[in-house]
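Q: There's a structure below that I have some questions on.
The values are calculated or read from the model by the stated rules, or taken from the named source; none is laboratory data. What you are looking at is a predicted structure, and each value in this text was computed from that prediction instead of being measured. Positions of Cβ are backbone-derived with ideal geometry, glycine not excepted, and every protein chain shown enters the neighbour counts. Areas reflect the complete protein model, heavy atoms only, side chains present, ligands, DNA and RNA absent. Shrake-Rupley method; radii C 1.70, N 1.55, O 1.52, S 1.80 Å.
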Amino acid sequence: MPLFHQTMKEHGKMSITWFGPVPRVTITKPELVREVLSNKFGHFEKLKFGRLQRLLHNGLGSHEGEKWAKHRRIINPAFHLVKLKRMLPAFSACCTELVNRWEGLATGDEPREVDVWPEMQNLTGDVISRAAFGSSHLEGRRIFQLQGEQVVLFVLAMNKLHIPGYLFLPTRANRRMKKIDAEIEGILKGIIAKRENALKTGQATSDDLLGLLLESNMESNTGITTDDVIGECKLFYVAGMETTSVLLTWTMIVLCMHPEWQDRAREEVLHVFGASTPDYDGLSRLRIVTMVLYEVLRLYPPVTVLQRKTYKPMELGEVRYPTGVVLMLPLLCIHHDKDIWGPDADEFRPERFAEGISKASMDVLAFFPFSWGPRICIGQNFALLEAKMALTMILQHFAFELSPAYTHAPFPVGLLKPEHGAQVKLRKLQ
Ligand code: HEM
């Protein structure tokens, strides 16, 4: 993030820049970041991208006030521990498919080159489809392919948003975005109609996310509408698929760069599970794997910057802000701050998490890859469980190293992605 880096170098850790007529204040002191994210007095709101945002999703992540509180209350139970445990067979089924496909590729003694980034996108898209739609997950597959394309078009359109009415122009990209949106809505409406019929005749369980949303949709007055259900389903693909896929991608890349940690993680996995399918209790006991995932989330947080806007005049850290100021919280910079993490802040050292998050740095508030406060990521336990399951099964079956074709270029477009892919050589373990 060269702009943040340069601004902080020239003007210090707290600075102001202008985005056209909008003042943007960068805040990097962890206690101030925490104050913004805890939003005790409701003075901060999320940024709105209007029509463009609705083309991508219209769910929990963009709601405010009562609507947000109601949706969060309805969706929360889908992420309770007991529900997550029930999702584990779906996680392992998706991972088994991945391992089988890779085993088919890496036959013989020769290592086989694979770009693991699209592989991880497929995996996490499959996992979300199963968790959200249960038995209709195959129909959901098409959605994540379409949503993947929509995210790319969304990021390109963001750069042109300052041209008023741009979205209404019949450019090729705009027409494609609308077509994708219509196709996704069509698939979701089909899945929803099928499930509603099944619910009415008492055939379906409400265990998955769609079931929970529809149950609430059927409660008159207090429930949510069918459009809301569609908005939330779209969001789950955007929020849950790309984030976890980049976490897994960076984890594989970093474990290639640090084979000693790959060996340690594999030793632990084989010690706990041998060749068996991972279960919940075993996954919760994985210490080295957890330390590795935390250190990857610190160095390569999928979400690199959070943004909020002042909704009313307010005071923060002895500075008084008017309405409409954008507050930039560059979590990537805070995760790399040498004053907080020590002189080796840029190095991969999972052992800093050996005694948990609270002892990893000089400031317990400085690690927040899933954000903080009331709007903390609803899927963080889901994502960590999924990542542990996938990494465990990969380590059980393969050793991996970087391919000469790989170029290290973390690239923050929307999320922190590998600009030129993630080519890795896989060797099947006997
Ligand atoms: C490594 C994986 C993930 C990371 C790093 C991550 C990170 C985040 C962050 C930083 C936010 C806060 C955004 C903001 O306030 O501006 C967020 C919100 C959210 N995340 Fe995640 N996320 C991950 C996985 C998931 C998964 C798997 C799901 C769903 C299955 C999910 C669903 C959501 C939702 C619905 C919100 C909005 C919550 C609200 O506004 O109340 N995320 N995530």
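Q: At pLDDT 95 or above, open to solvent by 30 Å² or more (accessible area, probe 1.4 Å) and within 23 Å of the chain's Cα centre (by Cα): is that true of SER276 in this structure?
A: no
Q: With a cut-off of at least 2 residues that are open to solvent by 40 Å² or more (accessible area, probe 1.4 Å) and on the phi < 0 side of the Ramachandran plot, name the strands (runs of 3 or more DSSP E) lying wholly within the range 368-430.
A: Answer list for the range 368-430: 398-402, 410-413, 423-428.
Q: Evaluate the following for GLY240: is it touching a Gly at 6+ places or on another chain (Cβ under 7 Å), open to solvent by 10 Å² or more (accessible area, probe 1.4 Å) and modelled with pLDDT under 95?
A: In short, yes.
Q: Return only the number of the condition from (1) open to solvent by 20 Å² or more (accessible area, probe 1.4 Å); (2) assigned to a helix (DSSP H, G or I); (3) at pLDDT 95 or above; (4) of a type outside the set (Lys, Arg) that GLY282 does not satisfy.
A: Looking at each condition in turn, GLY282 falls short on (1).
Q: Which of the following residues is farther than 25 Å from LEU235 by Cα, away from the ligand (no atom under 16 Å from the Cβ) and either of a type outside the set (Val, Ile, Thr) or touching a residue at least 60 places away in the same chain (Cβ under 8 Å) (or both): PRO30, PRO89, PRO118, PRO21?
A: Just one listed residue meets the conditions, PRO21.
Q: Is there a residue being open to solvent by less than 90 Å² (accessible area, probe 1.4 Å), touching a residue at least 24 places away in the same chain (Cβ under 8 Å), within 12 Å of the ligand (Cβ to nearest atom) and not polar (S, T, N, Q) anywhere in the range 34-43?
A: Yes: one or more hits.
Q: Please go through (1) part of a loop (DSSP other than H, G, I, E, B); (2) within 16 Å of the ligand (Cβ to nearest atom) for GLU355 and return the number of the only condition it doesn't satisfy.
A: Of (1) part of a loop (DSSP other than H, G, I, E, B); (2) within 16 Å of the ligand (Cβ to nearest atom), only one is false for GLU355: (2).
Q: Is it the case that the range 314-331 has a residue that's part of a loop (DSSP other than H, G, I, E, B), more than 16 Å from the ligand (Cβ to nearest atom), open to solvent by 50 Å² or more (accessible area, probe 1.4 Å) and touching a residue at least 40 places away in the same chain (Cβ under 8 Å)?
A: no
Q: Name every residue in the range 332-355 that is farther than 21 Å from ALA409 by Cα, aliphatic (A, V, I, L, M) and open to solvent by less than 30 Å² (accessible area, probe 1.4 Å), in order of residue number.
A: ILE340
Q: Another question, if that's okay. Looking only at residues that are under 15 Å from HIS43 (Cβ atoms) and within 15 Å of the ligand (Cβ to nearest atom) in the range 301-310, which one is surrounded by the most Cβ atoms within 10 Å (Cβ to Cβ)?
A: Per the criteria, the residue is ARG308.
Q: Among the residues of the range 394-421, how many are within 15 Å of SER245 (Cα to Cα) and out of contact with any strand residue (DSSP E or B) (no Cβ under 7 Å at 6 or more places or on another chain)?
A: Looking only at that region, the number is 5.
Q: When you go through ILE288, ILE253, ILE340 one by one, which is the residue that is within 16 Å of the ligand (Cβ to nearest atom) and β-branched (Val, Ile, Thr)?
A: Among ILE288, ILE253, ILE340, only ILE253 is within 16 Å of the ligand (Cβ to nearest atom) and β-branched (Val, Ile, Thr).
Q: Could you check how many residues of the range 76-101 are exposed (fewer than 13 other Cβ atoms within 10 Å of the Cβ) and in contact with a helix residue (DSSP H, G or I) (Cβ under 6 Å, 6 or more places away or on another chain)?
A: Selection size over the range 76-101: 0.
Q: Hey, could you check the range 54-68 for residues that are open to solvent by less than 40 Å² (accessible area, probe 1.4 Å), assigned to a helix (DSSP H, G or I) and within 14 Å of the ligand (Cβ to nearest atom) and say which is nearest to LEU209 (Cα to Cα)?
A: LEU60
Q: Evaluate the following for ASP263: is it at pLDDT 95 or above, more than 13 Å from the chain's Cα centre (by Cα) and assigned to a helix (DSSP H, G or I)?
A: When the stated conditions are applied, ASP263 passes them.
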